[in-house]
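Before any comments, here is the structure.
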C-alpha cells in the first residue's frame, strides 16, 4: 500500500493545476441547463480539448493523453478544486465513449469520438421512456428493419440537456416478439433527422434540463448500431456500470464541495450545532476518495468494478445530499434567495436542488440496493 | 500510488485467519465463560505476538500495514484477548528501554495489557488474568504500571474480563502519541472484523430462514437493511487502511486519520449490530444464538480507546480548527 503519489503523478498534477489556474473562467458561466449557458460551456469544452485536457485517459489519437486511472483521478481533483465549469460533454465522454471503446467498431471510434470529446457534436442519453424508468427492460420504442438501416418509433424522456444536444443514444426493440432484456438494440440517433419532435422539460430549478423526444419512423443507418442487433442490453450494461461507478462522479468533485462547505462554516461563525454535520461531509468525501483509489488500483491490476459501482452510487449520492443540506442549514433563510437576489450566496441553492436528483438518476438507489443485494450479497430474488 | 496490500501482507492475514477460525469459534468463546480458556499461547505459537516488536528484540519489526489485517482477523472471531493492545505497545516499551520485557512479551511469557487514559475517572484494561504490567496510554502520555492492583470485573459478553487499574506508574520515555494511535488503529481494525462477522451471520440467516413461503433474504425490506450495513463496512475499510499507512509513514495528519478509522469502523460495527439483529428477529435476541457474542464485542470495542464522539472532537480540532480559520 503506497498512498503517496509518484514523481510523474505529482508532475501531472502540477501541469493540470497550472493550466487550470491560467484558463478557468474567472466569472462562473451561466447554468449549463440553459441555452445561453450551454453555449458558453461548449466554448469552454473546445478550449479544454484543444489543450489536451478534455479526455485525459483516452488514446492520443482521439484527443487524450493516455493518462492512467490514477492520473485521471488527479485531473478530476484539480478540475473541481479549480472551480472549473460543469462538463456538458459528460453523457458522451463518460457514458457513450466507454461503451464505444467496449463494443463499438473501429469506424465508429474514428468517426464519433473526437467530435464528441471536442463538443463539436453533443450527445444526450435517452434511456427512459414515460413507462420505463427503473424498469429499463420494459422499453417499448421499436426499430423496424429497412434497406440500409432501421426506422425508429416511440417516445424517450428525461434526456439531460437534450434540447441543446445533437444526438441521443438508447435502446429500441428490434425483435417485436421479444420480451424484457432480449431483442433490444443499442442505437445512436441524430436529432436533426426528419420524424423527430423535441419537447423541453424544466427541472426543479426551472431550467430546461431535460427533453422528451418523440420518434416517428426516424431513419438510422446500420452504421449507428452499437454492437450486435438484439444484443443491446449487454451493450447498455457496459455504460450503466461506468455511469454509476467511477466515471460519472469522481471523488474530486465531492472533496471540492466539502472544502467549500468548510469555508462556508467558517464564514458563518462556526455554529457548534452544525459542527458534526460539517465534519461528516468532509470525512465522507475523504472516505469516498480512499475507496475510489482502492477500486482504481484493483481495476489497474485487472479487476472489474462490476456491481460495486452500485455501492459507489449509493454512497456519493447520499453524501452529496447531506452535504448540501448542511450548507442550506448554514445559510438559514438566505439559502432560499433567488440566485439574482442581492443577498444570494453563489451556487448552493442550485447545487442543493441538483443533489436531490442523485438518488434518482442513473438507476434509483432502491434499484442499486437490489443489485447489491443480489450480486454482492448473493441474496435470492 | 497503489492502494492495495502486498501479497506478503495478505498471506500473513490468511494464515492467522486459518488458525484463529479453527481455535476461536463460537463454541470456544462460550467455553471461555466458565473455564480459563487461554488464547495467548496460540498467538505466541503463530508468531503474532512478535509482529510489531523490533527485530533486535526477537520481533519481526513489522509496521501497521503488516499487522492491521491480523487485527481485523482477531475482530472477526471476537478474540477475547488484548492483542490490539499488545501490538500497540511493544514498540513504545522497546523505545523506552524495556527490552527485556519486550523480549518476554514476544514469546508470550510476559503479558502486558494497556488501558486508555481518557477523561473518565477509572481506566480499564482487558484482563490477561495474570498480567505483569499495564501501560496506561493517552494521546500525549504513557505510564507503565508494574505489578498493578487489579480489580477484575466481569463484562456483558462473559468471555472477556476488564480490570480497573490502580498503582503507581513510571512515565515511559517514548513516542506515546504514536503508541496511542496504534492502539486506536488496532481497535478500529477489530471493529471492522467483527462487523463483517455480524453481517455475514445475517446474510446467511436471510438465505436460510423462510417466511411467506420464501427466504426472507428475497424481500427488499430485508435486502436493503443488509446493503446499508455492507455499505458502511465497505467504506470504513479504506479509511482504516489509510490510518495504517499514515502510521507507517508518519503522516502529519496521522492522528486525524486514525480517529477517522475509529469513527468509521465503530459506526460500521454498530450499524451491523442493529441491522443484523433486526434481520434475525427474535432468535437474534436470545442468549443461545451466537449473534450476541459478536454484538457485545462490537459494542465493547466501540466504547474502548475513545468513543466515536471523543474521536470526532479530535478530528474537528484539526480539520475545522486550524486550516480554515
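Here, each number is a calculation from the coordinates, and none is a lab measurement. Quick caveat: nothing in here was measured; it's all calculated off a predicted structure. Glycine also receives a Cβ, built like all others from the backbone with ideal geometry; neighbour counts cover every protein chain displayed.
Observations, loosely collected:
- Once divided by 2.2 N^0.38 Å, the Cα radius of gyration of region A:7-117 becomes 1.08.
- Taking every C-alpha pair closer than 8 Å and separated by at least 6 residues, the mean separation divided by the residue count of region B:177-319 gives a relative contact order of 35 percent.
- Helix A:7-23 vs. chain A, principal-axis angle (Cα, 0 to 90°, nearest 10): 90 degrees
- Per-residue ellipticity at 222 nm from helix content only, as computed over chain A with -39500 (n - 2.57) for each DSSP H run of at least four residues, stands at -13500 deg cm²/dmol.
- Working from label points 7 Å from Cα in the Cα-to-Cβ sense, the residue B:107 to residue B:15 distance is 2.0 nm.
- Extending 7 Å from the Cα toward the beta-carbon at both residue A:344 and residue B:38 defines two label points whose distance is 7.4 nm.
- Computed across chain A, the Kirkwood radius stands at 21.9 Å (inverse of mean 1/r, all Cα pairs).
- A simple spin-label model places the labels of residue A:180 and residue A:197 3.4 nm from each other, with each point 7 Å out along Cα-to-Cβ.
- Calculated FRET efficiency, residue B:8 to residue A:228, Cβ-Cβ distance, R0 = 51 Å: about 0.70 to the nearest 0.05.
- Contact order, relative form, for region A:7-117: 28 percent (alpha carbon pairs under 8 Å, 6 or more residues apart, mean separation divided by residue count).
- Estimated FRET transfer efficiency (residue A:266, residue B:132; beta-carbon r; R0 30 Å; 0.05): 0.05
- Report note on the peptides B:247-253, A:96-102, B:182-188, A:229-235: ranked by the mean count of other C-beta atoms within 10 Å, highest first, their order is B:182-188, A:96-102, A:229-235, B:247-253.
- Helix B:176-208 axis, angle to chain B major axis (alpha carbon atoms, nearest 10°): 20 degrees
- The Kirkwood radius of region B:67-145, taken over pairs of alpha-carbon atoms, gives through the Stokes-Einstein law at 10 °C and 1.306 mPa s a diffusion coefficient of 121 µm² s⁻¹.
- In range of the label at residue A:364: residues from region A:186-205 whose backbone nitrogen is under 18 Å from the point 7 Å along Cα→Cβ: A:204
- Rounded tilt (10° steps) of B:254-280 against the dominant C-alpha axis of chain B: 30 degrees
- Average projection, convex hull of the Cα set of region B:177-319: 8.7 square nanometres.
- Estimated translational D of region A:123-232 in µm²/s (Stokes, Kirkwood radius over Cα pairs; 10 °C; 1.306 mPa s): 115 µm²/s
- Peptide A:290-302 has a mean of 4 when you count, residue by residue, the C-beta atoms of other protein chains within 10 Å of its C-beta.
- Our summary of shape: the Cα atoms of chain B have principal axis extents of 66, 55, 43 Å, ordered from largest down, in whole angstrom.
- Note on B:1-13: average number of Cβ atoms from other chains within 10 Å of each residue's Cβ is 4.
- When its C-alpha radius of gyration is set against 2.2 N^0.38 Å (N residues), the protein assembly as shown gives a value of 1.06.
- Here region B:26-73 and region A:185-230 have alpha carbon centers that stand 62 Å from each other.
- Computed E for residue A:135/residue A:10 - FRET, C-beta separation, R0 41 angstrom, nearest 0.05: 0.30
- One chain, two ends: residue B:175 and residue B:274. Fully extended at 0.36 nm per residue, the span grows by 31.9 nm beyond their Cα-Cα distance.
- Centre separation in Å (Cα based) which lies between region A:292-339 and region B:212-275: 16 Å
- Peptide packing for B:156-169, A:367-380 was compared via the average number of neighbouring C-beta atoms within 10 Å per residue; ordered from the highest value, the list is A:367-380, B:156-169.
- For residues of A:281-288, the mean tally of beta carbons on other chains within 10 Å: 5
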